[in-house]
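The structure follows.
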Amino acid sequence: MRSLLWFRGKDLRVADHAPLLEAARGELIPVFVLDPYFFAPERARKLPHRLQFLLESLQALRANLEHLGTRLVLATGKSVSVVPELAARFRVDRVLAHRWSEPFGQERDRRVAAALAVPFELFEGETLAAPGSLLTEGGTPFSVYTPFARAFRARVNVSSPLAAPVRLPPLPEEVAAAAPREELPTLESLGIARNPRLLPGGERAGRERLAAFLAGPLESYDTARERLDLEGTSRLSADLKFGTLSARTVYNATVNSSAREAAVEKFRAELLWREFTHHTLAQRPELLSQPFRPDFSGFPWRDDDASWHAWREGRTGFPIVDAAARQLLAEGFVHNRARMIAASFLTKQLLISYQRGEAHYLELLTDGDYAQNNAGWQWSAGCGCDAQPYFRIFNPTVQAKRYDPAREYVRRWLPELDTPGYPKPIVDHAQARVRFLQVAATHLRAARLRSGTTRPPR
């Protein structure tokens with residue numbers, strides 16, 4: 001049995017990789033496609049932080065495969081054409097890969113399957129349970145996190161991760177002779193300046209991060225994870241995004257931890273939130289283009305470019321909001337609490353569409369994940385699945401006092417904070433709050449009348 005194993009950017013590892021172990025039972029041809037959707041220079045420059053982490057992770061994967069006895073075949077072109085062409089040229093018996101939950105990934109796989117003359121076998125691995133496998137008693141997707149998490153804990157048994165192979169079969173001789181010998185593009189060739197502040201990519205780096213988290217921050221995760229001035233989070237989000245660590249590996253790593261049970265359970269709850277967002281998007285692909293709540297369709301967001309640029313660049317005059325903007329630009333990462341504060345400010349204080357913020361974050365986040373990013377932004381705007389109520393509006397000053405009491409976080413990113421050069425607030429919080437509540441109440445009341453419902457909005 002000759003298998004083409006298609007690595008696809010969410011499984012850049014050799015441990016806990018079911019398709020790899022299955023393919024290694026016979027002749028194995030590992031392939032990664034340098035698709036212009038990500039690797040065309042003009043496209044790559046819009047995703048600088050993700051591309052840096054991806055390239056480092058690909059370099060690590062290639063080295064791991066060579067150490068195990070085989071070679072990663074790199075091919076340039078559109079995946080929907082390249083994979084069927086390679087499968088035919090190398091006369092494989094099947095193509096193996098991990099499943100993606102995003103709608104565009106599902107459509108790509110449909111087109112690839114239609115173009116192949118051999119079976120296309122997809123394995124679960126992006127999530128802990130297959131999207132669509134957890135439904136309500138009525139057979140519908142969950143729309144609220146808590147019952148989803150309750151059902152997950154009751155129904156899903158997360159199995160142990162698979163060990164990495166000790167040895168892999170080399171490329172078949174005729175394949176080794178004919179396979180493309182392309183090199184990975186460099187950041188320089190893509191026109192991207194290397195950012196030394198980003199976390200390093202690769203499976204080993206991910207395992208080191210996991211070990212450091214288990215040995216330190218996990219113990220106080222339930223109490224410290226919200227603090228902006230503390231190193232209280234796992235920083236594993238990019239590893240989960242690119243699959244340098246599997247979700248199953250991270251979930252199971254807490255089993256033998258000596259950390260407090262409350263801390264472990266809180267961390268696992270965050271992994272289940274990730275699970276919830278991926279299941280939700282897989283079953284509701286329209287969420288990438290429209291709000292989950294129909295009554296938010298056509299919401300009268302403001303087109304205010306001056307405020308938009310002030311928010312993007314960290315010049316709103318609200319230190320916690322500006323620090324989040326600067327951290328994103330500099331590190332390709334924003335602490336989750338800061339993300340929520342910044343998103344609430346953009347959508348509610350400034351009345352600018354969550355979709356603009358969502359797109360901006362997706363471009364610059366190293367851990368930019370379609371499912372989680374969309375769910376987070378819709379949650380903050382009040383229009384999403386299990387969203388915070390539209391009338392809950394974060395006060396950025398109160399949030400800063402609570403989660404950055406000594407102002408260490410804001411001072412780290414705003415050296416000009418106490419100087420005359422720091423801008424005055426671009427809005428009055430109290431007035432902006434009243435404005436949003438009035439606009440939202442009017443819009444949602446009209447939406448209820450159009451739909452014939454009388455239930456007040458959540």
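The values are calculated or read from the model by the stated rules, or taken from the named source; none is laboratory data. All values derive from a computational prediction rather than experimental measurement. Cβ coordinates were reconstructed from backbone atoms using ideal geometry, including for glycine residues, and neighbour counts include every protein chain displayed.
Go through region 20-46 residue by residue and tally those that are in a helix (DSSP H, G or I) and farther than 19 Å from His67 by Cβ.
9
Moving on to the next point. Does Arg302 meet the test of being closer than 25 Å to Leu329 by Cβ, surrounded by fewer than 19 Cβ atoms within 10 Å (Cβ to Cβ) and either not hydrophobic (A, V, I, L, M, F, W, C) or not assigned by TED's automatic domain parsing to the domain that holds Phe436 (or both)?
Judged against the criteria, Arg302 is a match.
If you don't mind, another one. Would it be correct to say that Glu66 is closer than 19 Å to Pro169 by Cα, part of a helix (DSSP H, G or I) and in the same structural domain as Ser101 (by TED's automatic domain parsing)? Spell out how you get there, then give the answer.
On the way: closer than 19 Å to Pro169 by Cα: yes; part of a helix (DSSP H, G or I): yes; in the same structural domain as Ser101 (by TED's automatic domain parsing): yes.
Against the criterion (closer than 19 Å to Pro169 by Cα, part of a helix (DSSP H, G or I) and in the same structural domain as Ser101 (by TED's automatic domain parsing)), Glu66 qualifies.
Checking Gln52 against (1) touching a Lys or Arg at 6+ places or on another chain (Cβ under 8 Å); (2) of a type outside the set (Lys, Arg); (3) assigned to a strand (DSSP E or B), which test does it fail?
Of the numbered conditions (1) touching a Lys or Arg at 6+ places or on another chain (Cβ under 8 Å); (2) of a type outside the set (Lys, Arg); (3) assigned to a strand (DSSP E or B), the odd one out for Gln52 is (3).
Does Ser220 satisfy being in contact (Cβ under 8 Å) with a residue 40 or more places away in the chain and in contact with a His (Cβ under 9 Å, 6 or more places away or on another chain)?
no
Determine if region 239-248 includes at least one residue that is outside the structural domain of Ala338 (by TED's automatic domain parsing), of a type in the set (A, V, I, L, M, F, W, C) and more than 22 Å from Asn157 (Cβ to Cβ). Please lay out each step first, then the result.
We begin by selecting, within region 239-248, every residue outside the structural domain of Ala338 (by TED's automatic domain parsing); these are 239-248.
From what's left, of a type in the set (A, V, I, L, M, F, W, C): 240, 242, 245, 247.
Still in the list and also more than 22 Å from Asn157 (Cβ to Cβ): 242.
Checked against the condition, which is being outside the structural domain of Ala338 (by TED's automatic domain parsing), of a type in the set (A, V, I, L, M, F, W, C) and more than 22 Å from Asn157 (Cβ to Cβ), region 239-248 yields at least one hit.
Does region 231-249 include one or more residues that are more than 18 Å from the chain's Cα centre (by Cα) and within 21 Å of Tyr403 (Cβ to Cβ)?
Yes, region 231-249 contains a residue that is more than 18 Å from the chain's Cα centre (by Cα) and within 21 Å of Tyr403 (Cβ to Cβ).
Filter region 409-445 down to residues that are of a type in the set (Gly, Ala, Ser) and loosely packed, with under 12 Cβ neighbours inside 10 Å and give me whichever is nearest to the chain's Cα centre (by Cα). Please lay out each step first, then the result.
Residues of region 409-445 that are of a type in the set (Gly, Ala, Ser), as a first pass: 421, 430, 432, 440-441.
Add one more test, that the residue is loosely packed, with under 12 Cβ neighbours inside 10 Å, and what stays is 421, 430.
On the way: Gly421: 35, Ala430: 33 Å.
If we take residues in region 409-445 being of a type in the set (Gly, Ala, Ser) and loosely packed, with under 12 Cβ neighbours inside 10 Å, then Ala430 is nearest to the chain's Cα centre (by Cα).
Turning to a different aspect of this structure: Checking Ala262 against (1) of a type outside the set (Ser, Thr, Tyr); (2) within 17 Å of the chain's Cα centre (by Cα); (3) under 30 Å from Leu162 (Cα atoms); (4) surrounded by fewer than 22 Cβ atoms within 10 Å (Cβ to Cβ), which single condition isn't satisfied?
The number of the failed condition is (2).
State the number of residues belonging to region 106-115 that are touching a residue at least 24 places away in the same chain (Cβ under 8 Å) and surrounded by fewer than 17 Cβ atoms within 10 Å (Cβ to Cβ).
3
Given Arg356, Arg411, Arg435, which one is of a type in the set (Lys, Arg), in contact with a helix residue (DSSP H, G or I) (Cβ under 9 Å, 6 or more places away or on another chain) and either under 21 Å from Arg227 (Cα atoms) or not in a helix (DSSP H, G or I) (or both)?
None of the others qualify; the one that does is Arg411.
Given the residues Gly191, Gly201, which is the only one that is surrounded by fewer than 12 Cβ atoms within 10 Å (Cβ to Cβ), modelled with pLDDT of 95 or more and among the small types (Gly, Ala, Ser)?
Gly191
Between Ala381, Ala375, Ala371, which is under 21 Å from Arg284 (Cα atoms) and touching a Cys at 6+ places or on another chain (Cβ under 9 Å)?
Ala375
Now for a different question. Given (1) of a type outside the set (Val, Ile, Thr); (2) in a loop (DSSP other than H, G, I, E, B); (3) buried (at least 17 other Cβ atoms within 10 Å of the Cβ), identify the lone condition not met by Gly139.
Just one mismatch for Gly139, condition (3).
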